[in-house]
Structures are given as C-alpha cells and as structure tokens.
Amino acid sequence: QAQLVESGGGLVRAGGSLKLTCVASGRAFSAHGMGWFRQVPGEEREFVAAITWRGTAVYADSVKDRFTISRDVARNLATLEMNSLKPEDTGLYYCAAQMVPGGDLREYGVYDYWGQGTQDTVSS
C-alpha cells in the first residue's frame, strides 16, 4: 500500500502565504519524484511544481518565483511554500509520487500515487 497525505491548505487573502506538506508512507516511501498539481472544478489537473530525490526542481511558469518546492528524503515528505498568492492559485492541491525515474515530471501520467488533496482558497 502507498499513501500520500497532504496538509496545510486553507483560506488566505491575496498576497498571503501558505505552506503545504505531503507525507509519504508505504510504497510511496521511496519515491523518485514528487510533485504538486492543482485542480479547480470543471478544469483539468494542472502541474504546479515537482522535485526529484536529488533535489532538482521544476515549476509551472505561473508559480515560478513565488512558490518553492522542497523535499526531506529522510522524513519522506515534500513541502510547497506558496508566497504572493493570487486568487487564480485557488484550487484543490494534490501531492503525487513517481516511483521509477523517467518521463517529464510536469506530466500527470508519470505519477504512480496520489493524495486526496487539500483545498487552498485565495480571496481577492
């Protein structure tokens, strides 16, 4: 069994900050890549940021310079620090784990496990 549990979502005003945490357990314990995606009703899940176990990070253009992804391999967790939040950052944020290296971490299909999501709402 693999499990990813997200936490840290909430309601914040535009310009504020939130920090999301994803804890991996079970088979997701030794993930190669970990990523964050977000989704709003009626739209496809959108890539936000991802990081390899070596610490190489990649970001969506819309969040670059505002969001920072990090990873603590020893503690099996990944965090997403979100600053200068905008109303368009609102969404259900999902953590994902890729078990075998390969493919583009910005692509939804390369991930093997997903969390249940945590809601972030940014008010204007």
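The values are calculated or read from the model by the stated rules, or taken from the named source; none is laboratory data. Every value quoted in this text rests on a predicted model; they were computed, and no experiment measured them. Neighbour counts run over all protein chains shown; Cβ positions are idealised from the backbone, glycine included. For accessibility, only protein heavy atoms count, side chains too; no ligands or nucleic acids. Shrake-Rupley method; radii C 1.70, N 1.55, O 1.52, S 1.80 Å.
The residues on offer are Trp36, Trp53, and the sole one that is open to solvent by 70 Å² or more (accessible area, probe 1.4 Å) and of a type in the set (Phe, Trp, Tyr) is Trp53. For region 92-103, the set of residues classified as surrounded by fewer than 19 Cβ atoms within 10 Å (Cβ to Cβ) and under 15 Å from the mean Cα position of the chain (by Cα) consists of Leu92 only. The residues in region 10-33 that are modelled with pLDDT under 90 and either open to solvent by less than 70 Å² (accessible area, probe 1.4 Å) or among the hydrophobic types (A, V, I, L, M, F, W, C) (or both) can be counted, and the count is 6.
Looking only at residues that are among the aliphatic types (A, V, I, L, M) and over 22 Å from Asp72 (Cβ atoms) in region 1-51, which one is farthest from the chain's Cα centre (by Cα)? By that ranking, first place goes to Ala14.
Between Asp89, Asp65, the distinction of being open to solvent by less than 10 Å² (accessible area, probe 1.4 Å) and among the acidic types (Asp, Glu) belongs to Asp89 only. Scanning region 57-89 for residues that are in a strand (DSSP E or B), in contact (Cβ under 8 Å) with a residue 60 or more places away in the chain and either more than 17 Å from Gly117 (Cβ to Cβ) or polar (S, T, N, Q) (or both) turns up Thr79, Glu81. Being in contact with a helix residue (DSSP H, G or I) (Cβ under 8 Å, 6 or more places away or on another chain) and of a type in the set (A, V, I, L, M, F, W, C) is a condition met by at least one residue of region 97-111. Taking region 109-122 as the range and being on the phi < 0 side of the Ramachandran plot, touching a Gly at 6+ places or on another chain (Cβ under 9 Å) and in contact (Cβ under 8 Å) with a residue 24 or more places away in the chain as the test, the residues that pass are Val110, Tyr111, Tyr113, Thr118, Gln119, Asp120, Thr121, Val122. With respect to the conditions (1) farther than 27 Å from Gly15 by Cβ; (2) open to solvent by less than 20 Å² (accessible area, probe 1.4 Å); (3) not basic (Lys, Arg), Asp120 falls short on a single one, namely (1).
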